[in-house]
1. Within region 281-322, find all residues whose amide N lies under 14 Å from a label point positioned 7 Å from the Cα of residue 366 along Cα-to-beta-carbon.
2. Over the alpha-carbon set of region 328-370, divide Rg by the Kirkwood Rh and report the Rg/Rh ratio to two decimals.
3. Just to be sure I understand the model, the point goes 7 Å from the Cα along the line to the Cβ. What's the resulting residue 257 to residue 51 distance in nm?
4. What FRET efficiency would be calculated for the residue pair residue 22, residue 233, taking the C-beta separation as r and a Förster radius of 56 Å, to the nearest 0.05?
5. Could you pull the Rg and Dmax for region 46-86, using just the Cα atoms, both in Å?
6. Using a Förster distance of 25 Å, how high is the FRET efficiency between residue 265 and residue 345, based on the Cβ-Cβ distance and rounded to 0.05?
7. Please give the contour-minus-distance gain from residue 325 to residue 202: 0.36 nm per residue of separation, less the Cα-Cα distance, rounded to one decimal in nm.
8. When 302, 201 are ordered from fewest to most other Cβ atoms inside 10 Å of their Cβ, what list results?
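Every number here is computed from the coordinates shown, using simple stated rules; none is lab data. Since the structure is predicted, the reported quantities are computational estimates derived from the model, not experimental observations. Backbone-built Cβ (ideal geometry, glycine too); neighbour counts: all protein chains shown.
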């Protein structure tokens, strides 16, 4: 009976050894804080160095807590919404990254509850696990998250700072510029301005703030839709993004001045009097409201759910396009009622001054997005 019992236990020990995975290397004690720290950094990022040269026929057993994002050499590799265990062949991973050593970075708000676990294992049942990996593996997507957060937060703080300064210096002007009802009532058309007003310090300062808002939203759109191009030609580090943003803000200011000068010339040719100031700032309000909407949604999704930015921005940009077209139509109706001008000439004026340049710009943006 003792021999039978001994053989029975030995049989199950051998069965367990054959059926289940055997641990060859355990990386659980090698986790470190992510090296790329910043003044906005949090404690939800850890990393370790993976050696893909040893035990090439083994597999990596990766255990992840819920809401995990995995980067391998700054390459977005996997997203996991629930607690997940996946298996990936070491040789397959080495072939994908063409390196003997890679940096495995784990980002998750649940690190305090359960750290990730990475082990090299071998076993008979691994072939089924390798054939049906759990989790959402995203090979080929490259994105550096923390510099974008830093850039976006820096731009947002500076915009709010300059807006606060503007409110202290020109409270009446700010209220006039941002009055939503002015889009409907069109009070500007009852008291048209002149060119001298446009080049005053208060107007140019406000236009620069608007340029900062448009530029920040534009850079974020570039990161979302053209990150590969941006990373190749300019870079996705913090300083590059801030530099593009500042250059874009001054560029938008310059183009805004050029646009106003063009509207003034066209209104002079059509003998519209001094309606160019009211025309310009009526549509500028729509641009400010649209840029504010992009920044508000961008703020939420950058810091909470970056992966949802692409679909949200696609919807918002499409909505802003049609909103601007409706705004031009509203401007046509207002000018038709406020000005003694033939409808045909007024329509031609708005096509030349607004619709044609806007459609050309939209076509350029569409080509860039494709």
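1. 318-319, 321-322
2. 1.16
3. Distance between the two pseudo-spin positions: 6.2 nm.
4. The computed FRET efficiency comes out at 0.70.
5. When restricted to the Cα atoms of region 46-86, Rg and Dmax are 11.5, 31 Å.
6. 0.95
7. Residue separation times 0.36 nm, minus the Cα-Cα distance, leaves 41.5 nm.
8. 201, 302
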